[in-house]
Each structure stands twice: as C-alpha cells, then as structure tokens.
Amino acid sequence: MFRRVLVANRGEIALRIIRSLGALGIESVVIHGREDRLSLPVRLADEGYSIPREDPLATYLDIEAIVSAAKEVGADAVHPGYGFLSENATFAQRLAEEGITFIGPSPECLRLLGDKIAARESMSKAGIPVAKGTEEPVSDPVEALEIASDIGFPIMIKAASGGGGIGMQVVNEKSEFESALRLCQGRAESAFGDGRVFIEEYVDSAEHIEFQVISDGRRAIHLGERFCSIQRRHQKILEEGPWLTEVERAEIGARVVAGAEAIGYQGLATFEFLRSKDGEFYFMEVNPRVQVEHTVTEMITGLDLVSLGIIVSSGIELPISQDQVTLNGHAIQARINAENPLTLEPSPGKLWECHWPGGPGVRVDTHGFTGYEMPGAFDSLLAKVIAWAPTREQAISKLDAALDETILLGVDTLIPLHRAILGEADFIERKITTDYLVEHPDLLSGGA
C-alpha cells in the first residue's frame, strides 16, 4: 500500500480523497494555488504544497510542476480526482516515467478511452451496444452529409476527444449540417487541440444511465447503475439510483464488466449509456476516473469507492466479488452549484453564513464553510447533498427536507431549482429524459 499520496485537485473531491487516504493510513499532501491556500482540503491534509500561478487554473494543469511536487514531497502516488488532469494520458505517462503511480488507469487505457471513435470500436467488440455512427473521423462536408443522410436525421456530431458537452451538436435537417460540422470542428480544435469529429445517430427522448465499474487490471465487477438524466448544458445536476430492473442490470452489467476486462482496465470507471424510449441501450463513453456522483453508489452499496480505487491502483487484487455486491434502498444526490437557479449563471462570492443538513440517511460532501470565499475561476460546485431511504418516494422527501434545512447566505445556489424538481409530477412518476429541463421551462422561470 502507498505511504504518501499527492492529491492533484481541489474542492470537495480533494477533501473526499483525503478522507479515504486517512482511513487507509496513508499520508496526504494536497497542491494549491493562492485562491485555495485557506481551503478545507489544504487545512485538513497532512501537508499542503503551493504551486502559485497567475492563472488559478494553471496550478492544477501544470504537469511538470505537479510531477516535481510529487517527487519533492516523496509521494508514492498521485490521485487526480475528477476534472483537471484526471483523464490526461501525458500526465499519467510522466508519473510512470518517474516511478510514481497514477491512481487510475494506464496511459494506454486513457488514450484509448479519450478517443471516442476508438472507444466505440473497442466496446462494440466487447459486446456493448453502440448507436449507428461513423467508424472514422469525418471532415469533407459532402461525404459527411451523405453518411448523415444514410444514418437518418436527426443526427449528432461529436468531438472525438474531450467531453462535457463541448463539440456536440444535434442536427435536425440537411440544410443545417455543413454549418454545424464546421462549428463542431472549430470548437473541438479550440477546446481539445483535436478537430476530429464523428457522426452518430441521435437518440431522442432518451434516459441517461451509467454503470459504476471497478477493476484491478484483470478482474472487474460492476456496482450497479445511476440515473443522470436531469442536466443543464449536458452537465448533470441531480442523480439517483438504482433505476433498472434486476434483469436489465444483470444484462448490461455483464457487458460493461466484459468491456473493462477486455482493455485491462485498472481503477474506477463509469460506463455511460443512453436508453431510448424503446428501451434500447446505446454506449456513449467511459469516464476513466471517480465521478462526482459516486456518492449515490456508495450510499446504496455501503462501499467506499474512493478507497477501493486507491487499493486496486496499488496493485492489490480487487477485495470483493460480484456476488458480494448488493443494492439497498434508494439514494438521490443534488449538486449544490453556486449558480442562479433561474438563469444558471455562476454566482461566486463569500459564504457569510453556512449550515449543512444532517440526520439519518443524509450525507453532505462539501468544502464550503462560513467565511469561505467561493472563487469565480473554478467550477461552481459547492457541495453535494445526498439522501438515502428504503424507497425512492422516501428518499425524495428526505432530500427535500435536507435542502430546506440548508442555509447558505452570500451566494445563489440551485437549491430552489432542486426543490422544484423534487415536487414536480413527472419527476415523481419517473417520466424523465435528458430533455427534462427543456420540457419543463416553468422550473427555470420561477413558476411564472
């Protein structure tokens, strides 16, 4: 097992990783810039390591500076969390060259899964269903339009690299295609330095369902599914689980396990799918890291996913088997983003008063506290409030009560939007697709 781990992240996920490291008896060192020098992760880690930069983001994106920090503090491994360098194959390779473990998959796996075209092909070969689409990048507008017409409109143009909804465009008609193609290529080149795009069948009125997998490089298991269809700008804001029947879970679960084992995956992974209104599953991508919503799975399985990810990355065999995984009750997570609940615009600022909820079945993962200055340079996620109960109906009621108890003065948050969703009839009746917020505009207009 590792002796000392450098945490190359910030905010709530850095604090979450520090907690698992402490529980495993591993020393923690967390990097930080000026904006985070007084943050909870820095204060609660065994050591903080300053990487000051004019651009706050550069602290967490400077590969050589982080590798140098890991060497200087004597870290055996680096945990990247999510975002920043968590899916960067070059970062993982540089650490390997220095004899430092990257807590996550190998550089080869990261390169494969970072190329959505190659990932589609690999997962298809492993028996995972994929939507109709191109097996090679498209660039010529005339040829690409012919392919799109054969697939049938509407179609989706997607960047081969990157994620987060950047470089994705739904095209409904032939007349819109060429301009959308150029737009996606430009966005992909600008955001990822890779202008390659591909075409995929657009799955309309779909549910977004993801499977949690963990693998030790040889043997993989799945830990059930999460339902993540309530999104804004392709970013999830509310997640829950379980969602599927036992038969569906067993079928798709066996396929994602086969997919992970086929590429020798090591660490935590999330296999993301769209489920059509006809009940068909279509592979989207693999997220090769811990997910923001891993908490939902922890609540319904009773397992510490972050610790398991650290354990298997150290070379220890997966300590649990598939038949030891049981799902109990229902959990729902609300992402408490510092955003205006109507416009969804960021709302950084100082937390003049901060009170988080508690009680049986309520969990809060946050780096926020009274007096904390929420920076404007980073992601707007301030906290995650998770409620567990024996049934979905009870979990909804418990989460609503927990959000009602929460006091946050100084910044706007999505709590009013979350509470409106929790009381909305279609949500309660599970009539939810990725178009949920579009189809319920009253939720984003204060009921007007």
field: Test for VAL296: is it more than 19 Å from CYS109 (Cα to Cα), outside any loop (DSSP other than H, G, I, E, B) and in contact with a strand residue (DSSP E or B) (Cβ under 9 Å, 6 or more places away or on another chain)
entry: yes
- request: Quick one: in segment 10-45, of everything that is in contact with an Asp or Glu (Cβ under 8 Å, 6 or more places away or on another chain) and free of Cβ contacts under 8 Å to residues at least 40 places away in the same chain, which residue is surrounded by the most Cβ atoms within 10 Å (Cβ to Cβ)?
  value: VAL30
task: Filter segment 99-149 for residues that are closer than 22 Å to ARG182 by Cα and charged (D, E, K, R) and give the result.
output: ASP115, LYS116, LYS132, GLU135, GLU136, ASP140, GLU143, GLU146
field: Residue list for segment 112-157, filter: small (Gly, Ala, Ser) and touching a Phe, Trp or Tyr at 6+ places or on another chain (Cβ under 7 Å)
entry: ALA131, GLY133, ALA148
task: Quick one: LEU112 ticks every box in (1) farther than 29 Å from HIS32 by Cβ; (2) at pLDDT below 95; (3) within 23 Å of the chain's Cα centre (by Cα) except a single one, so which number is it?
output: (2)
task: Please give the strands (runs of 3 or more DSSP E) falling wholly within segment 1-56 in which 1 or more residues are under 23 Å from the mean Cα position of the chain (by Cα) and modelled with pLDDT of 95 or more.
output: 4-7, 27-32
query: What single numbered condition from (1) within 23 Å of GLY279 (Cα to Cα); (2) of a type in the set (Gly, Ala, Ser); (3) open to solvent by 30 Å² or more (accessible area, probe 1.4 Å) fails to hold for ALA96?
result: (1)
field: Options ALA260, ALA191: the member that is closer than 25 Å to LYS158 by Cα, at pLDDT below 95 and out of contact with any Cys (no Cβ under 7 Å at 6 or more places or on another chain)
entry: ALA191
message: Anything in segment 124-139 that is part of a loop (DSSP other than H, G, I, E, B) and among the small types (Gly, Ala, Ser)? List them, or say none.
response: ALA126, GLY127, ALA131, SER139
- request: Answer with yes or no whether LEU6 is open to solvent by 50 Å² or more (accessible area, probe 1.4 Å) and hydrophobic (A, V, I, L, M, F, W, C).
  value: no
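Results for (1) part of a helix (DSSP H, G or I); (2) surrounded by 21 or more Cβ atoms within 10 Å (Cβ to Cβ); (3) in contact with a helix residue (DSSP H, G or I) (Cβ under 8 Å, 6 or more places away or on another chain); (4) among the β-branched types (Val, Ile, Thr), shown as yes or no for each residue.
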{"site": "LYS71", "(1), (2), (3), (4)": "yes, no, no, no"}
{"site": "VAL78", "(1), (2), (3), (4)": "no, yes, yes, yes"}
{"site": "SER86", "(1), (2), (3), (4)": "no, yes, no, no"}
{"site": "THR90", "(1), (2), (3), (4)": "yes, no, yes, yes"}
{"site": "ARG111", "(1), (2), (3), (4)": "yes, no, yes, no"}
{"site": "GLU121", "(1), (2), (3), (4)": "yes, no, no, no"}
{"site": "ILE147", "(1), (2), (3), (4)": "yes, no, no, yes"}
{"site": "PHE153", "(1), (2), (3), (4)": "no, no, yes, no"}
query: open to solvent by less than 50 Å² (accessible area, probe 1.4 Å), closer than 16 Å to GLU143 by Cβ and polar (S, T, N, Q), is that true of GLN185?
result: yes
- request: Considering each of ILE128, ILE66 in turn, give the residue that is touching a residue at least 12 places away in the same chain (Cβ under 8 Å), surrounded by 16 or more Cβ atoms within 10 Å (Cβ to Cβ) and over 30 Å from ILE157 (Cβ atoms).
  value: ILE66
message: Show the residue pairs meeting these rules: Cβ distance below 6 Å; 6+ apart or different chains; first residue within segment 188-217 and over 27 Å from VAL290 (Cβ atoms) and open to solvent by 30 Å² or more (accessible area, probe 1.4 Å); second residue part of a helix (DSSP H, G or I) and of a type in the set (A, V, I, L, M, F, W, C).
response: GLU201/ILE151
message: Tell me which helices (runs of 4 or more DSSP H) are completely within segment 335-448 and hold 2 or more residues being open to solvent by 50 Å² or more (accessible area, probe 1.4 Å) and in contact with a strand residue (DSSP E or B) (Cβ under 9 Å, 6 or more places away or on another chain), or say none if there are none.
response: 392-405
task: Restricting attention to segment 176-188, report how many residues are more than 18 Å from ASN88 (Cβ to Cβ) and touching a Lys or Arg at 6+ places or on another chain (Cβ under 9 Å).
output: 2
query: Given the conditions (1) in contact with a Leu (Cβ under 9 Å, 6 or more places away or on another chain); (2) farther than 18 Å from ALA188 by Cα, which single one is not true for PRO129?
result: (1)
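The values are calculated or read from the model by the stated rules, or taken from the named source; none is laboratory data. These numbers come from a predicted model, not from an experiment. Every residue, glycine among them, receives a Cβ derived from its backbone with ideal geometry; neighbour counts consider all protein chains shown. Accessible surface areas use protein heavy atoms only, side chains included; no ligands, DNA or RNA. Shrake-Rupley method; radii C 1.70, N 1.55, O 1.52, S 1.80 Å.
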